[in-house]
Amino acid sequence: MKTLRHIMLSVAACMPLHSCDLLTPDDIINPNVSDDTFLGSANAMQAWVNGTNRSFAEAMGNYCLLMEILSDNYFNNYSRSSQVFDIPRILYTDTDVADLQRHVGTMREMADYGINTVAAADAATTRSDLFNLHYIKAFSFILGGEYFRGLPDTEGGEIKTWKEYLNTALTVLDSTLEYADTDEDKAFVHTLKARTYYRLGDSVNASAEASASLELSSDFLKQAVFDGTNGVNNPVQEAIWDTWFQPLPRLDFLDPKYFQLSATEQRPVNIAKAEENWLILAEASLADQNEAQAKVYMRQLLDLVKSRPVQEGINDQLEERYNGGYKRYPDNSAYKVAASEGEPFREGLVLDRKAPALVSIPYVSGTSVTEEMIVGTSGIDETLALLYLMRQEIFFAEGRRVADLGIRLPVCEVEAANTPSAADYIEALIPSFIPLNYGMDSFTMDDDAMEVTIAYNMNRIIVENKSSEYVAPFFD
């Protein structure tokens, strides 16, 4: 009788939420639990769902951790975590690449086992359980399709392209929708479908799914949750709250999105929210050369962002924007920031964190864009650049920016060594317009004038390259 591959993770994860019958009397997990023993136990599906949720949350936290420093959002100003993604340098031999690929496979396999095997064995399985497992399976294909050039979609299988991955995600999401019983859940699934169609460049279907989601819920939010009391920690929170990572100065006002108000608090990661639908509708309108309609959507988006909660009174006084790192960052609200050389300097982007100052941080969505800025833009390109600024700020610290920059990861070394079709996928995709040598994180500071100038406005660079195959998918 074979031993269940994932049982230890599953059982360990169920302990914070429910009692488990798969523990020995002294609460040590039994490593010899077999498939039949597990499947015949009480609450097998609940234990499996809890374990899958834990694995999913940790995967999302790790994607946020590594994708944020691979983008222009954050610089790793400390010695822990990847020191090469900031360059960016992405090698198929990098253990971080292997870990990110492993998360995709683990999510898929755990979801499949729950759907195909545990559900058949446990009569107590609910529609909610199956909804939960289906959306996690769909997420495995979304992550693989957004961040990798290609991956196998079965254990030991041949490589599938990122487009194949996203098309599979759509199929899984259709199945997920069959188990969605509330408007919030349905809105969540439609948003994931809109996100997937968006990355595939299908503006018609992306817009239809975005509209369907908003009709069901105009303000839904879905999160991956953690449990600090029981050691289920958010990986990206440690990096951001403990000051390893420093935000690009023009994004300073959004940091730390993952704050900590008590010793055990672990902040959730947003995995889907209504804002994405307005962003998609606005970009589709711009692709159709309808600037006026795009601005209507952008103003509706701004209203939603303004309605989101803000945590007041965060004590971030230990954050000195240096703390022994590699370079100093602005730490005073008197600093003004320009998005690149020659652009206007803006106030209010850098917060004062020195004692006795406390900071207020939006933790669902935030933006520096105002209605006046939306009204004041002129032309498709200028409006699109502003929209991408909103997109960057709204998804800040959620690991989404790398896909917008057109960067894709290679297949990892282990996969390449065992899969003949992987040979064409061992090089990362870094578009030629991406600045190298830490360029995306570079800026200059004039302490006399209290001015910061970012080296590259990546939102303008995205727009300048919108007709390429790598970015702005509706314009390709």
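The values are calculated or read from the model by the stated rules, or taken from the named source; none is laboratory data. Not measured: the values here are computed from a predicted model. Quick reminder, even Gly has a Cβ in these numbers, built from the backbone with ideal geometry, and neighbours come from all protein chains shown. Calculation scope for accessible area: heavy atoms of the full protein, side chains included, ligands and nucleic acids excluded. Shrake-Rupley method; radii C 1.70, N 1.55, O 1.52, S 1.80 Å.
Restricted to region 453-475, and to residues there that are closer than 17 Å to residue 290 by Cα and of a type outside the set (Gly, Ala, Ser), the residue that is surrounded by the fewest Cβ atoms within 10 Å (Cβ to Cβ) is 475.
Would you confirm, using the coordinates I've provided, whether residue 72 is surrounded by fewer than 19 Cβ atoms within 10 Å (Cβ to Cβ) and under 16 Å from the mean Cα position of the chain (by Cα)? Answer is no for this residue. Quick check: is even one residue across region 216-231 part of a helix (DSSP H, G or I), among the hydrophobic types (A, V, I, L, M, F, W, C) and farther than 25 Å from residue 147 by Cα? Yes: region 216-231 contains one or more residues that are part of a helix (DSSP H, G or I), among the hydrophobic types (A, V, I, L, M, F, W, C) and farther than 25 Å from residue 147 by Cα.
Every test in (1) more than 23 Å from residue 229 (Cβ to Cβ); (2) surrounded by 14 or more Cβ atoms within 10 Å (Cβ to Cβ); (3) of a type in the set (S, T, N, Q); (4) modelled with pLDDT of 95 or more is passed by residue 307 save one, and that test is (2).
Applying the condition of being among the acidic types (Asp, Glu) and over 19 Å from residue 90 (Cα atoms) to region 434-452 and asking which residue is most open to solvent (accessible area, probe 1.4 Å) yields 448. Exactly one residue out of 194, 212, 187, 208 is touching a Phe, Trp or Tyr at 6+ places or on another chain (Cβ under 6 Å), part of a helix (DSSP H, G or I) and not polar (S, T, N, Q): that is 187. Residues of region 106-119 include at least one that is open to solvent by less than 50 Å² (accessible area, probe 1.4 Å), over 18 Å from residue 54 (Cβ atoms) and not polar (S, T, N, Q). Does region 271-285 contain any residue that is open to solvent by 10 Å² or more (accessible area, probe 1.4 Å) and without any contact (Cβ under 8 Å) to a residue 12 or more places away in the chain? No: zero hits.
Just checking, does region 133-151 include any residue being among the polar types (S, T, N, Q), under 16 Å from residue 412 (Cβ atoms) and in contact (Cβ under 8 Å) with a residue 24 or more places away in the chain? For region 133-151, residues among the polar types (S, T, N, Q), under 16 Å from residue 412 (Cβ atoms) and in contact (Cβ under 8 Å) with a residue 24 or more places away in the chain: present. When residue 318 is tested against (1) open to solvent by 60 Å² or more (accessible area, probe 1.4 Å); (2) touching a residue at least 40 places away in the same chain (Cβ under 8 Å); (3) hydrophobic (A, V, I, L, M, F, W, C); (4) over 27 Å from residue 258 (Cβ atoms), only condition (4) is not met. On the stretch given as region 156-211, residues that are touching a Lys or Arg at 6+ places or on another chain (Cβ under 7 Å), of a type in the set (Asp, Glu) and within 20 Å of residue 129 (Cα to Cα) total 1. Candidates in region 75-95 are the residues that are open to solvent by 40 Å² or more (accessible area, probe 1.4 Å) and of a type in the set (Phe, Trp, Tyr); of these, the one that is farthest from residue 240 (Cα to Cα) is 92.
The set of residues in region 136-164 being within 21 Å of the chain's Cα centre (by Cα) and either open to solvent by 20 Å² or more (accessible area, probe 1.4 Å) or under 23 Å from residue 35 (Cα atoms) (or both) consists of 136, 137, 149, 153, 161, 162, 163, 164. For residue 14, are the conditions met, namely being modelled with pLDDT under 90 and among the hydrophobic types (A, V, I, L, M, F, W, C)? So residue 14 fits the description; yes. Here residue 423 clears all of (1) small (Gly, Ala, Ser); (2) modelled with pLDDT under 95; (3) crowded, with 16+ Cβ neighbours inside 10 Å except the condition numbered (3).
Within region 226-250, residues that are on the phi > 0 side of the Ramachandran plot reach partners that are open to solvent by less than 10 Å² (accessible area, probe 1.4 Å) and modelled with pLDDT of 95 or more with beta carbons closer than 9 Å, at six or more positions or on different chains, in the pairs 243/256.
When residue 186 is tested against the conditions (1) touching a residue at least 60 places away in the same chain (Cβ under 8 Å); (2) open to solvent by 50 Å² or more (accessible area, probe 1.4 Å), the lone failure is (1).
In this entry, residue 403 is excluded by the filter for residues that are on the phi > 0 side of the Ramachandran plot and out of contact with any Phe, Trp or Tyr (no Cβ under 6 Å at 6 or more places or on another chain).
The helices (runs of 4 or more DSSP H) found wholly in region 393-476 and carrying at least 3 residues that are in contact with a Ser or Thr (Cβ under 8 Å, 6 or more places away or on another chain) and touching a residue at least 12 places away in the same chain (Cβ under 8 Å) occupy 401-405. Test of understanding: among 369, 364, 375, which residue is modelled with pLDDT of 95 or more, open to solvent by 50 Å² or more (accessible area, probe 1.4 Å) and among the β-branched types (Val, Ile, Thr)? Just one listed residue meets the conditions, 375.
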